[in-house]
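Chemist: Here it is, the structure in full.
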Amino acid sequence: MTTLEEKAYAKLNLTLDVGPLREDGYHEISSVMVPITLCDTVTIHLGTGEPWQARTTDDSIPTGRKNLAYKAAKAFYAAAGADPDGLTIEIEKHIPAGGGLGGGSADAAAVLRALNRHMGCRFSGEELERIGLEVGSDVPFCVRCAPCLAEGRGERLMPVHPMPDCYYVMVRPNFSAATPELYRKLDNMRIPAHPKNREMLHALELGDLREIGCQLFNVFEYALLQDHPELFQIENALENCGALGTSMTGSGSVMFGIFENFDFAATASMSLMQVGYQTFLATNFREEV
Ligand code: C5P
């Protein structure tokens, strides 16, 4: 039996714009995305001689063939035309599910990266991203795990300047968001304003954290803020603690703030925890070279 281990990093959408519904049922999106240090640990046992299994430490996440990591392994071996003779995936979860942090996609991407490395990099990065897209729209970004502008369904990735050093405080409101429903809600409303990706990319080039904070913008907030005023309170609390900007990630419901200063970030995290929210503190994930 062989055991592989891989970290699965969460993502944040610094901007997220949603365009029209396409014929294939997906929407055109445009999003500046970054990987952060909040991560799950994915362990894969190969050659177990047993039926395939996938399980996690979070009871709210599907196990077995409905799990995205399981689907990723299936897609990988189908593309490779190989059979591992039994496989078990165990995921130690730290990324909350249903929050827009891309946890399931990150786990799927970690499986693809680990299996590909084990098979002597059988697939190029681009090929691996294409396999990832069969599993979910955010999986190609998670396979690449580097700051990008994502377009199309989320699979057209253009590298962008990395974020300057900073701290992120993520706050999980007491409800989860159902992604397809929120896309439908956006289809049925007029979106009053859109993110300015060009300005965001320029701010990244300059490493201007203050301006990056000003440019954070996610149109999914329009679909959620009205029904969930607590999101305003979370944003206000983060700003009062010194956040340079706040936004929602993905289709929510997790809100985040960016901070230049660790002490301010830690205080924000603690004070929101004290009023009953689950909070997470992270920095930028950077590939070791
Ligand atoms: O690709 P994924 O399975 O993560 O997408 C989940 C759902 O989110 C899709 O079924 C679709 O309703 C919606 N979606 C979309 N446009 C995108 C990505 C996702 O409409 N670009």
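Chemist: Just give me the residues in segment 21-50 being free of Cβ contacts under 8 Å to residues at least 40 places away in the same chain and touching a Leu at 6+ places or on another chain (Cβ under 9 Å), in sequence order.
Modeler: E50
Chemist: Only one of A110, A79, A146 is away from the ligand (no atom under 12 Å from the Cβ), open to solvent by 30 Å² or more (accessible area, probe 1.4 Å), among the small types (G, A, S) and under 13 Å from the mean Cα position of the chain (by Cα). Can you tell me which?
Modeler: So the residue among A110, A79, A146 that is away from the ligand (no atom under 12 Å from the Cβ), open to solvent by 30 Å² or more (accessible area, probe 1.4 Å), among the small types (G, A, S) and under 13 Å from the mean Cα position of the chain (by Cα) is A146.
Chemist: Cβ contacts < 6 Å: first residue on the phi > 0 side of the Ramachandran plot, restricted to segment 251-275; second residue within 16 Å of the ligand (Cβ to nearest atom) and assigned to a helix (DSSP H, G or I), any location; separation 6+ or different chain. Result?
Modeler: From segment 251-275, the pairs are G252/F220; G252/L224.
Chemist: Look at segment 50-66 and say how many of its residues are within 16 Å of the ligand (Cβ to nearest atom) and over 14 Å from E92 (Cβ atoms).
Modeler: The total comes to 3.
Chemist: Residues that are under 14 Å from the mean Cα position of the chain (by Cα), within 29 Å of A237 (Cα to Cα) and either away from the ligand (no atom under 12 Å from the Cβ) or not small (G, A, S) (or both): does segment 195-209 have at least one?
Modeler: The answer is no; no qualifying residue exists.
Chemist: Does segment 125-134 contain at least one residue that is within 14 Å of the ligand (Cβ to nearest atom), open to solvent by 20 Å² or more (accessible area, probe 1.4 Å) and within 25 Å of S176 (Cα to Cα)?
Modeler: yes
Chemist: Sort out which residues of segment 25-49 are outside any strand (DSSP E or B), more than 9 Å from the ligand (Cβ to nearest atom) and not β-branched (V, I, T), and write them in order of number.
Modeler: Within segment 25-49, G47, G49 meet the criteria.
The values are calculated or read from the model by the stated rules, or taken from the named source; none is laboratory data. Nothing here was measured: the structure is a model prediction, and the numbers come from that model. Ideal geometry is used to build each Cβ from the backbone, glycine not excepted, and the neighbour counts take in all protein chains shown. These accessible areas exclude ligands, DNA and RNA; they are computed on the full protein's heavy atoms, side chains included. Shrake-Rupley method; radii C 1.70, N 1.55, O 1.52, S 1.80 Å.
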